[in-house]
Structures are given as C-alpha cells and as structure tokens.
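**Student:** My structure is below; once you've seen it, I'll send some questions.
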Amino acid sequence: MTSSSPTTLLRALRDLDLPDHPEAVVVDGRALSRAGLREVAVAFASRLPDAGPVAVCAEPTLETVVAVSGCLLAGVPVVPVPPDAGPAETAHVVTDSGATCWAGPRRDGVDLPLVEVPTAPTAGDRGVDLPEPVAETETAIVLYTSGTTGAPKGVVLSHRALRAGIEGLADAWGWTGDDVVAHGLPLFHTHGLVLGVLGSLHLGSRVVHTGRPTPQAYAATPATVYFGVPTVWTRVARDPEAARALSGARLLVSGSAPLPVPVFERLRELTGHALVERYGMTETMITLSTRADGERRPGWVGLPVGEARTRLRAEDGGEVPADGETVGRLEVSGPMLFDGYLNLPETTAEVLGSDGWFATGDLAVVDADGFHRIVGRESVDLIKSGGYRIGAGEIETSLLALPEVQEVAVLGLPDEDLGQRIVAYAVVAPDDADDALAARMVEHVAADLSWHKRPREVRFVPSLPRNAMGKVQKKLMLDVPG
Ligand code: MLC
Ligand code: AMP
C-alpha cells in the first residue's frame, strides 16, 4: 500500500482557523456557526455504529450538512441518497453501497439502523474529541449517478479528489473565506453538495441554501457568489427584477449542463455580469471553467481548473488539432478524478485507463488559447434535464414493467427551460393508448425511480425505427419533428 498524507478536506471546519460567523451555514432558514457545526457533526460521528458507509437521506436540510460533515471529519464514507428516490432506486443505493446505517428521515423498505442527526449539542455530546484525519486516499463519498443503461452507478471519490477539485476552483474563481455562496440545488450531487456546501466548509466561505432555486429566492439572498444550473439561470433571465437584484454579486456561476448563449447575453444586460461557465462531471469534479480574472466567452467553458488536464481524441484515437473547430472526444486526468465505479471494475476499466485518463463521453473543441467548448455527448442515452443526469435505459426498464407497454424508447428532446425534456415513445395496443395510460406511465417512473426522472411527455407510436440488428435508431427519431 502506498502511503498518503492525512486528509485536509473541510479544512476551515476541521481547523476553525478562519473567522467564524453565527450563520456560517444556512439551510432552509436554520443556521449554524462553523464551530457549532463542527460540534454537532463530531457528535453525530461518535454515534455511528461502525466504519460505515453511512447512507444519508439528503434532503435540503441542516441535518444533511451535519451528517455529511460528521462522516467526512470521521473518515467514514458517506452515501447521499436522493430524498425523492423511489423504493427501487433507494434499495439499489443502499444495497450496492453496503451502507451500514441510515441518517435522516426514514424511507419505506430501508431497515438499516437509524442514527439520529443532532443540530444542537446535547449534554452527552459536549467534549467529544475531533477524530484524527484519515489518509486522503480514503473514500470520502460515493455519489450515485446514471449511466446510459442499468441502475445508477456509485462514483467513488476520495478526500484527495474533493480537496483537489475544490482548491482548483478557489484558484479559478478567487473563492475565499470572504465569500458568501448562495444556491438552491439538491444536496446529493456534486454541484449543490460537494461544491456549494463542502467547498464552503473547506475554504471558509459562508453558504446559504435558498430552498427551491427560484429567481425570487436568489434575489432575496444576499451573497457574493451564486451557483445555478442553466435552468435556474434561464428562469432568472425571465425575471428582470430578480436578475437585477444579483448585480452586486462578485460572480454568477453556471454549470452541470450547457448555458444557452441567449441566456448568457440576457443576464449580461440585466445584471452587468458575464456568467462564469464551468464544466464538470460526478466522476471528475470540475474540469474546465472560465476564470474570475479572465475572459468569459458565451458558449465556451474555458480552461482546465487547477491540476486538471484535458486532451481531445479523434475516433481513431489520434490527436485533434487545437483549432477551435475540430470535434474530439474529451478526456480528463488529474488528482480530482474518481477512483472507479463501486463494484463495477469492468465498467470502470472501459472509461478510466491505467494511464489515468478518463473518457468523459462528451465531445468538445479546443482553440489555440486552450479554451474549450462542449459540443454535446457521444450517446443520446444520457440525458441532462434541469441539470440532472438521467439514463434513458433506466427509464425504459422502469416503463417496461407496466404490462401495457410493449416497447419503449426514451429520448431527451430540446427544451427551453430544462435544456432537455424526457420524452417516452411507447408502443402499446391501440385500445390502451390514452391519456390515462400516459399519466400512469409518468407517475410510475416518478414513484419507481425519482420525481425528476419522470417523462414530461409520452408519445404513443405504432412502432419504433430499428436497424437490421433490431437496435432502436434514436438518432433518426431525434431528427423527426414531434
Ligand atoms: C418537486 N415537485 C414535486 C417533487 N419535487 N412534486 C411531487 N414530488 C416531488 N418529489 C413539484 C414542485 O413542488 C413544483 O410544483 C414542481 O414539481 C416543479 O418543481 P421544481 O423543483 O421547480 O422542478 P423542476 O422545474 O422540474 O426543476 C427545475 C430545477 C431542478 C432546476 C429546480 O431541475 C433542479 O434542482 N436541478 C438541479 C440538478 C443538479 O443539481 N444537477 C447537478 C448534478 S452534478 P409547483 O406546483 O410548486 O410548481 C453535475 C456536475 C456539475 O452535473 O458539473 O455540476
Ligand atoms: P453529472 O455527472 O450529473 O455531473 O453530469 C455530467 C455531465 O453534465 C457532463 O458529462 C456533461 O455532459 C454535462 N455538463 C456539465 N457541465 C456542462 C457544461 N458547462 N456544458 C455542457 N455540458 C455540461
């Protein structure tokens, strides 16, 4: 085993060496200072029955922040579970991760021991020692994310990966303890949890979770840095009053999906800010970003962040010229990469080479200055809707469980608000093809998988276009107007 330095992740929380604030972390209107958070997080960790992993029902609450922080301070792997995950998805995450206990609101079908999450110290909690830091190569978090087929995969990220990713962003964005970060994103993904919350607890900025990320909620939350997925920014751009309220910010940052150029332009008019756009993945943290002190170019995601390195490969594996035009497959390397997909060594080996380069599945161009533009994804089966990554395959599998559904193909169609909206093309008996079945299909996915994976639309079709091998020709379907 190679030796590794002790983790310094969550430095500002562990060391309490930067100025504290009574509202260092605010979620849903409830606040903790950093010292207060450290005390309850350590108390939570002391209640854990064993070395985990700990499944945390990651509602946007202070309890989620306490539980996740406690696990990280104690070096116990944490597994955030989407709070709206249906029984099938919850059971998969709990079983696949090998979680040994559950924190947060109970969910049907989960029979793990429940660990209470304190948000105020009780007498017995006082004076619990801060755990010694684990090696930074240890697993910090397992984030479940969709692939093109099958159930979500557990992305294993070490303390080192999170720290390297966050520190890269500190450099790119001039992000310091003087900042106040505001966002209203879910606390079970990279963007809202790892960057918004853990980034702040590492760098010492205050962080305010706004609740649902509405334009009004952002406008009502004073901050220096606002994070949003493009859907959030699209909605802000349609609300001039809310947009203008953000003019005094230091940075407005967009990521998790492509920011439409008209939204960039409209927000520049309304707020005076050219948004910082950054590109990342659950597997890689944030790879590319425009810089606080550099050029912001609409439609482009900028330069490698921190120690991240990128390269573009042609279909034959050859190099792609840095001419700003030739499209290549984007590959990434650096200390912020994941360690692999949990329990899936073969799937991991398909994308993460022994040379340390990870094939993202995204297509990009790079110009002579090293500026990158993301052109799209190689597979039509990975959908981004509202910034959520959703596999067409998992929705198809879920829908095929309904006896009426004979065949189904799920696509992400362009959508002004969500970027892509999930549309299910279903073959059913003519007598079954009615609104009631369509509504039941939507409800079925929302309950079986999760709310944000539900199709926004169901289209009944007589057949699906297939090639000679019987494979559905989704690219052909995308070209046909609905
Ligand atoms: C919401 N609703 C529900 C529900 N959840 N109803 C029943 N059950 C549930 N579980 C209701 C709401 O109350 C609301 O009703 C309506 O549905 C719409 O809610 P919404 O929250 O506005 O949903 P929607 O419009 O679909 O979502 C837009 C969004 C959301 C932007 C808020 O997509 C979102 O939070 N996206 C963020 C995804 C994300 O963080 N991705 C990062 C991945 S990490 P009503 O009646 O009030 O309208 C990553 C790496 C990187 O990508 O690079 O960052
Ligand atoms: P996730 O694992 O949920 O983080 O999703 C990662 C995917 O989101 C990437 O592979 C990209 O396809 C997409 N993505 C993230 N940020 C951007 C961006 N700024 N522009 C375009 N696509 C993005």
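**Student:** Under a 1.4 Å probe, what is the accessible area of segment 315-381 per residue, stated in Å²?
**Tutor:** On the way: 3380 Å² over 67 residues.
I get 50 Å² per residue for this part.
**Student:** As a test of the definition: which semi-axes, in Å, follow for segment 383-427 when you take the square root of five times each eigenvalue of its alpha carbon gyration tensor? Largest first, please.
**Tutor:** Details: eigenvalues 94, 21, 8 Å².
Each semi-axis is the square root of five times an eigenvalue, giving 22, 10, 6 Å.
**Student:** Just need the Rg to Rh number for segment 232-355, please, alpha carbons only, Kirkwood Rh. Write out the running numbers ahead of the final one.
**Tutor:** Details: Rg = 17.3 Å, Rh = 16.5 Å.
Radius of gyration over Kirkwood radius for segment 232-355 works out to 1.05.
**Student:** Still on this structure, please answer the following. Debye calculation, C-alpha points only, no solvent: report log10 I(q)/I(0) for segment 55-114 at q = 0.21, 0.27, 0.28 Å⁻¹, in the same order as the q values.
**Tutor:** -0.75, -1.21, -1.29
**Student:** What translational diffusion coefficient, in µm²/s and rounded to a whole number, does the Stokes-Einstein relation yield for segment 310-409 at 25 °C and a viscosity of 0.890 mPa s, taking the hydrodynamic radius as the Kirkwood radius over Cα pairs? Mind dumping the intermediate values first?
**Tutor:** Details: Rh = 15.8 Å.
For the chosen part, D equals 156 µm²/s.
**Student:** Of the DSSP beta bridges with both residues in segment 62-174, give the percent that are antiparallel, rounding to the nearest 5.
**Tutor:** Details: 6 of 9 bridges.
Of the beta bridges lying entirely in segment 62-174, close to 65 percent run antiparallel.
**Student:** So if the hydrodynamic radius of segment 140-293 is defined as the Kirkwood radius over C-alpha pairs, what does Stokes-Einstein give as its diffusion coefficient at 25 °C and 0.890 mPa s, in µm² per second? Working shown, then result.
**Tutor:** Working: Rh = 15.6 Å.
For the chosen part, D equals 157 µm²/s.
**Student:** About its Cα centre, what dipole magnitude does segment 339-439 give when the only charges are +1 on Lys and Arg Cβ and -1 on Asp and Glu Cβ, stated in debye to the nearest 20?
**Tutor:** The dipole magnitude comes to about 300 debye.
**Student:** Using only Cα atoms, locate the centre of segment 164-211 and the centre of segment 30-83, then give the distance between them in Å, rounded to an integer.
**Tutor:** So the two Cα centres are separated by 17 Å.
**Student:** How large is Rg/Rh for segment 424-482, to two decimals, with Cα atoms and a Kirkwood Rh? Don't jump to the answer; show the numbers that get you there.
**Tutor:** On the way: Rg = 12.9 Å, Rh = 12.8 Å.
Taking Rg over the Kirkwood Rh, I get 1.01.
**Student:** Which links in LYS153/LYS384; LYS384/LYS475; LYS153/LYS475; LYS153/LYS453; LYS384/LYS471 stretch past 19 Å when you go from one Cα to the other?
**Tutor:** LYS153/LYS475; LYS384/LYS471
**Student:** Could you report segment 210-287's accessible area per residue, 1.4 Å probe, as an integer in Å²?
**Tutor:** On the way: 2780 Å² over 78 residues.
I get 36 Å² per residue for segment 210-287.
**Student:** Still on this model: Restricting things to Cα coordinates, could you compute the convex hull volume per residue of segment 1-157 in Å³? Each step should come with its number before you reach the end.
**Tutor:** Numbers: hull volume 20.7 nm³, N = 157.
Cα-based convex hull of segment 1-157, divided per residue, equals 132 Å³.
**Student:** TRP357 accessible area, nearest 10 Å², 1.4 Å probe?
**Tutor:** Its heavy atoms expose roughly 50 Å² to the probe.
**Student:** Have a look at the DSSP beta bridges in the chain and tell me what percent are antiparallel, nearest 5.
**Tutor:** Working: 50 of 80 bridges.
Antiparallel bridges: around 60 percent, rounded to the nearest 5.
**Student:** Using a 1.4 angstrom probe on heavy atoms only, work out the carbon and sulfur share of the accessible area of segment 112-197 in %. Don't jump to the answer; show the numbers that get you there.
**Tutor:** Values: 1440 of 2870 Å².
Its accessible area is 50 percent carbon and sulfur atoms.
**Student:** May I ask you to give the percent of accessible area on segment 393-474 that is carbon plus sulfur, with a probe radius of 1.4 Å?
**Tutor:** Numbers: 2170 of 3990 Å².
Solvent-exposed carbon and sulfur of segment 393-474 make up 54 percent of the total.
**Student:** Ok, one more. Could you report segment 62-209's accessible area per residue, 1.4 Å probe, as an integer in Å²? It would help to have the intermediate numbers written out before the result.
**Tutor:** Details: 4450 Å² over 148 residues.
Value for segment 62-209: 30 Å² per residue.
**Student:** Taking a quarter of the surface of the convex hull around the Cα atoms of segment 74-184, what do you get in nm²? Before the final figure, lay out each step's value.
**Tutor:** On the way: hull surface 40.4 nm².
If I average the Cα hull's projected area over directions, I get 10.1 nm².
**Student:** For segment 304-377, which whole-number percentage of the solvent-accessible area (1.4 Å probe, protein heavy atoms only) is attributable to carbon and sulfur atoms?
**Tutor:** On the way: 1700 of 3720 Å².
The value for segment 304-377 is 46 percent carbon and sulfur by accessible area.
**Student:** OK, next. For segment 123-212, build the convex hull from the C-alpha positions and give me its volume per residue in Å³. Let's see the in-between values first.
**Tutor:** Details: hull volume 15.2 nm³, N = 90.
Each residue corresponds to 169 Å³ of Cα convex hull volume.
**Student:** Now, a different point. Classify segment 155-198 as rounded, prolate or oblate, taking a ≥ b ≥ c as the square roots of the eigenvalues of its Cα gyration tensor: rounded when a/c is under 1.5, otherwise prolate if a/b is larger than b/c and oblate if not.
**Tutor:** On the way: a/c = 2.56, a/b = 1.13, b/c = 2.27.
Oblate, because a/c is 1.5 or more while a/b does not exceed b/c.
**Student:** Sorted by average packing, counted as other Cβ atoms within 10 angstrom per residue and highest first, what order do 85-92, 28-35 take? Intermediate values should be presented prior to the final figure.
**Tutor:** Numbers: 85-92: 19.2, 28-35: 16.6.
Ranked by mean Cβ neighbours within 10 Å, highest first: 85-92, 28-35.
**Student:** Let me ask something additional. Using all Cα-Cα distances in segment 370-482, what percent lands in each 10 angstrom bin from 0 up to the longest?
**Tutor:** 13, 47, 31, 7, 2, 0
**Student:** Determine the principal axes of the Cα atoms in segment 1-85, then give the extent along each, sorted from largest to smallest and rounded to whole angstroms.
**Tutor:** Taking max minus min along each principal axis of the Cα atoms, segment 1-85 gives 45, 37, 19 Å.
**Student:** Could you give the spread of the C-alpha atoms of the chain along their three principal axes, from largest to smallest, in whole angstroms?
**Tutor:** 68, 53, 53
**Student:** Here's a follow-up. Once a ≥ b ≥ c are taken as the square roots of the eigenvalues of the Cα gyration tensor of segment 350-422, is the result rounded (a/c under 1.5), prolate (a/b larger than b/c) or oblate (a/b not larger than b/c)? Provide the component values of the computation, followed by the final result.
**Tutor:** Details: a/c = 3.62, a/b = 1.73, b/c = 2.10.
In terms of gyration-tensor shape, oblate.
The values are calculated or read from the model by the stated rules, or taken from the named source; none is laboratory data. In this text the structure is predicted, and so the values were computed from the model without any measurement. Every residue, glycine as well, gets a Cβ built from its backbone with ideal geometry; the counts of neighbours run over all protein chains shown. The area values use the complete protein model at the heavy-atom level, side chains included, leaving out ligands, DNA and RNA. Shrake-Rupley method; radii C 1.70, N 1.55, O 1.52, S 1.80 Å.
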